[in-house]
Structure formats: structure tokens, C-alpha cells
Amino acid sequence: MESMESEETGGRGAGLLPITLGVEILVEITNLKLRIKSLMVGMEHNRYIIVRVSPQDLIGNFRSEAVLESPMIIRYLYNGTVYGFKSNILNVVSQPAKLFFVSYPDKIEEVNVRNRARYECVLPASTMFGNDIVDMIITDISREGCQAIIKVPPARPDELHGLIQVNKKISMRVQFPGSDNRHDLAGVIRNVGKDPEKITVGVLFQALAQEAREGLEKYISIMADAGKSGK
């Protein structure tokens, strides 16, 4: 739970939670060291919040003790501010959708995200799945992770769909613009979106080598400066 406390910029009693139905939220399951994107689909003030989990997430773990007994941190963006609070599971429902009933927060924090800003980009990369090199495009990036799109080859679509799974390690080779070197961005796949023509993956960076970290920091600094000059 320390990760959230180190980011908070100020806390207050939750009161009426600043959120609306359908807002995308990030659920961190502490015991699994896992973050999944979900939706807030219901709430009873001061009692519980209902979170819908994607069918592709927590397969085999949805009702496990590691999930049911784990503290949670929930974060979301609302009206330009990122909020976060600690919670725990009250009940789970499997049908007609995967739902968590989680405790209503006693306290909500406004989270400092200055170092978590995400930048849209079109950054070619490649990775290995099985014995094949697979091309991908990183479409947004931050110091913590990125989102990338993989075009599904028509020859073996089912094989690639089967290899790309949540919690699988991945290493993406990139060459940042203006650099002569290639870097390996290592991480873990945290969410996956699949359709017949493309696969979208969300990756949390882990254990980056120093040169890769320096290349990433330099690239993000360039993106941040470009964003400021464009305003």
C-alpha cells in the first residue's frame, strides 16, 4: 500500500465520490502486484462500489484467495484530476459479467501524476513471441509503461492470440528518434485487447537497463518539451 501513499498530494474524507458511471479505473491488486483496467458500473453511497472486470483479466484467479483477501488501490481520472483510494473486496459475481463489489472509501487522495504523464506517439518496435520476431507500434508511452498495437498476421492469427497473455513478460526493442542505439524496454503485459486484425497490449516497464532508462527519459523529455511548445 506504500505506493499510493508516496504519490498523494493531499487527502480528504471521501464524502460523495467524484466519479460517474462508466469511468475507466485502474485496480491494483496488492497481493498479486497486478494492475488491471476496469470500469465503475455502480455504486451505493457510503456502502460499496461495483467494478466490472474484463473477461480476459484474472482468468483462473477471479475467485482466488490471492484476489479475495488482497487489499486494493483504485485510481481513476475525473475532470482532469487523478484520484486514488484504498479498498477491499466485499463480494464477487461471475455472471452475467465479472463484477467486484468493493468497499466505499473512507478517504480519497488526489494523486500526483507529474511523473506519470503519458504521451501519444508512433514508435516502431519489435518483440519475440515464440520463435518469431513480431513488429509492433507503440502508440503512447510514459516513464512507467506503454501501450502498443500488434498487427495480426493472417497466416497464423490463432497462434499469436494464444501467445500474448496478461502477466506475460515482454521485451520490446526500440530505436528512439535522434538516437543511433536500440534499446530493450522490458516489462510485463498488464492488459490485452484482441480482435481479428490487431492486438493491443498495455505494458508495465520493469527492471529497465540503465541505458534503456536513460533513452526513455530523454525521449519523454523531448515529448514533454514539444507538448509545451505546442500550447
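The values are calculated or read from the model by the stated rules, or taken from the named source; none is laboratory data. For clarity, every value in this text was computed on a predicted model and none was experimentally measured. With ideal geometry, Cβ positions are generated from the backbone for all residues, glycine too; neighbour counts draw on all protein chains shown. Only protein heavy atoms, including side chains, enter the accessible area calculation; ligands, DNA and RNA are left aside. Shrake-Rupley method; radii C 1.70, N 1.55, O 1.52, S 1.80 Å.
Brief remarks follow.
- With respect to (1) under 25 Å from residue 37 (Cβ atoms); (2) open to solvent by less than 40 Å² (accessible area, probe 1.4 Å), the lone exception for residue 176 is condition (1).
- On inspection, residue 128 passes the criterion of being open to solvent by 20 Å² or more (accessible area, probe 1.4 Å), assigned to a strand (DSSP E or B), more than 14 Å from residue 198 (Cα to Cα) and touching a Ser or Thr at 6+ places or on another chain (Cβ under 8 Å).
- The residues on offer are 87, 70, 64, 103, and the sole one that is surrounded by 13 or more Cβ atoms within 10 Å (Cβ to Cβ), over 16 Å from residue 38 (Cβ atoms) and of a type in the set (Ser, Thr, Tyr) is 64.
- Residue in the stretch 131-175 that is modelled with the highest pLDDT, counting only those that are assigned to a strand (DSSP E or B), within 25 Å of residue 222 (Cα to Cα) and charged (D, E, K, R): 173
- Residues considered: 20, 81. Of these, the only one that is open to solvent by 60 Å² or more (accessible area, probe 1.4 Å) and over 12 Å from residue 102 (Cα atoms) is 20.
- Within the option set 152, 82, being touching a residue at least 12 places away in the same chain (Cβ under 8 Å) and closer than 24 Å to residue 40 by Cβ holds for one residue only, 82.
- Checked against (1) at pLDDT 90 or above; (2) under 24 Å from residue 59 (Cβ atoms); (3) in contact with a Lys or Arg (Cβ under 7 Å, 6 or more places away or on another chain), residue 187 passes all but a single condition, namely (3).
- On the stretch given as the stretch 176-194, residues that are touching a residue at least 24 places away in the same chain (Cβ under 8 Å) and either of a type in the set (D, E, K, R) or in a loop (DSSP other than H, G, I, E, B) (or both) total 8.
- Any hit, the stretch 24-32, residues being modelled with pLDDT under 85, assigned to a strand (DSSP E or B) and either open to solvent by 10 Å² or more (accessible area, probe 1.4 Å) or more than 18 Å from residue 191 (Cβ to Cβ) (or both): no
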